[in-house]
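First the structure, in the form of structure tokens, and then the observations on it.
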Amino acid sequence: MAGWTSYVAVGDSFTEGMDDPRPDGKGYRGWADLVAGCLAADQPDFRYANLAVRGRLFDNIVAEQVPLATAMKPDLISFAGGGNDALRRGFEPEVLVARFDKTIERLRATGADVILFRWADLTGRMPGGKILRPRVDALNTAVDGIGAKHGAHVVDLWDDSEFLNPRLWGIDRLHLSPAGHRRVAGHVLTALGVACDASWLAAPPPPEDLSWMSRKAADARWATSHLAPWVKRRLTGKSSGDMVTAKRPELAPLD
């Protein structure tokens, strides 16, 4: 389908837009907002909702966001979930994949076009990468198969080696930087057959190599500022999104 008039984004922090601050400093923008802006350019009645909330696990996304998204009856839905589950000790890929299949079937049954993602490779940037890698492989393989089965648009971030560039990631090493979000938006629009700003797919040059001592100092700062709080939340059963609500809960025209 071309000329979508309504779009609902479903997911977690990746879709909420962390870490791409809005120009006015009020919350996050992110790839989904950028995509919506492009889709709205030729559709004066275009409407957009973003239901994504940081920290949400797959089952929470399905229970909280999917019913709202289907009730809105949009032309286009993006679904990105499972990344937070893959970071948990009790991750069961077979169970999640089966639920993923049923969820995409449910979304496609509404008649909406659906966007899915093969995750970018961040296993070399995170502790426990050897454990995380087969989990990401399992999710990406499932996305390929489920996308083909249900006729969804699959955006392949894994095979884009530019995502190995640290400049596409925020200081927490987990969320995308503004440049990373622009690149994802470019990939999404390309998959939809919609033109985008060519600069969005022009990755910045990688940073200069640090000395061994500088790398260790940077790792220590990251562990203190980002890893330790994440571990504390896991141990206490809390989430970064506990007090957060969707930034665009209604299907409405862009500002």
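Hey, any hits in the range 89-100 for a residue that's over 19 Å from Gly11 (Cβ atoms) and under 17 Å from the mean Cα position of the chain (by Cα)? No, the range 89-100 has no match at all.
Condition check ((1) more than 30 Å from Pro23 (Cα to Cα); (2) in contact with a Lys or Arg (Cβ under 9 Å, 6 or more places away or on another chain); (3) touching a residue at least 60 places away in the same chain (Cβ under 8 Å); (4) loosely packed, with under 15 Cβ neighbours inside 10 Å) across all residues:
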{"site": "Lys130", "(1), (2), (3), (4)": "yes, no, no, yes"}
{"site": "His150", "(1), (2), (3), (4)": "yes, yes, no, no"}
{"site": "His153", "(1), (2), (3), (4)": "no, no, no, no"}
{"site": "Val188", "(1), (2), (3), (4)": "no, no, yes, no"}
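Results for (1) touching a helix residue (DSSP H, G or I) at 6+ places or on another chain (Cβ under 9 Å); (2) hydroxyl-bearing (Ser, Thr, Tyr), shown as yes or no for each residue.
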residue	(1), (2)
Pro44	no, no
Gln65	no, no
Ser78	yes, yes
Ala86	yes, no
Glu94	yes, no
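If you go through the range 89-97 one residue at a time, do you hit one that is closer than 20 Å to Trp169 by Cβ and crowded, with 16+ Cβ neighbours inside 10 Å? Within the range 89-97, none of the residues are closer than 20 Å to Trp169 by Cβ and crowded, with 16+ Cβ neighbours inside 10 Å. If I filter the range 133-144 for residues that are without any contact (Cβ under 8 Å) to a residue 40 or more places away in the chain, of a type in the set (Ser, Thr, Tyr) and assigned to a loop (DSSP other than H, G, I, E, B), do I get at least one hit? No, because not a single residue in the range 133-144 is without any contact (Cβ under 8 Å) to a residue 40 or more places away in the chain, of a type in the set (Ser, Thr, Tyr) and assigned to a loop (DSSP other than H, G, I, E, B). Just one of the numbered conditions (1) more than 26 Å from Gly83 (Cα to Cα); (2) touching an Asp or Glu at 6+ places or on another chain (Cβ under 6 Å); (3) buried (at least 19 other Cβ atoms within 10 Å of the Cβ) is not true of Thr5: (3). Trp31 satisfies every condition listed in (1) within 22 Å of Gly111 (Cα to Cα); (2) touching a strand residue (DSSP E or B) at 6+ places or on another chain (Cβ under 8 Å); (3) at pLDDT 95 or above except (1).
Sort out which residues of the range 166-178 are in contact with a strand residue (DSSP E or B) (Cβ under 9 Å, 6 or more places away or on another chain) and either of a type in the set (Phe, Trp, Tyr) or assigned to a helix (DSSP H, G or I) (or both), and write them in order of number. Correct list: Leu168, Trp169, Pro178. Would you point out the residue of the range 87-132, among those that are among the aromatic types (Phe, Trp, Tyr) and part of a loop (DSSP other than H, G, I, E, B), that is farthest from Ala71 (Cα to Cα)? Here the answer is Phe91. Taking the range 3-48 as the range and being of a type in the set (D, E, K, R), assigned to a loop (DSSP other than H, G, I, E, B) and under 20 Å from Trp169 (Cβ atoms) as the test, the residues that pass are Asp12, Asp19, Asp20, Arg22, Arg29.
Residues are listed down the side, and each one gets a yes or a no for (1) open to solvent by 40 Å² or more (accessible area, probe 1.4 Å); (2) closer than 18 Å to Phe117 by Cβ; (3) among the hydrophobic types (A, V, I, L, M, F, W, C):
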site	(1), (2), (3)
Val10	no, yes, yes
Ser13	no, yes, no
Asp19	no, yes, no
Gly27	yes, no, no
Ala32	no, yes, yes
Ala41	yes, no, yes
Leu57	yes, yes, yes
Gln65	no, yes, no
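The values are calculated or read from the model by the stated rules, or taken from the named source; none is laboratory data. All figures in this text were calculated on a predicted structure; none of them were measured in a lab. Quick reminder, even Gly has a Cβ in these numbers, built from the backbone with ideal geometry, and neighbours come from all protein chains shown. Side chains are part of the model used for accessible areas, which takes the heavy atoms of the whole protein and leaves out ligands, DNA and RNA. Shrake-Rupley method; radii C 1.70, N 1.55, O 1.52, S 1.80 Å.
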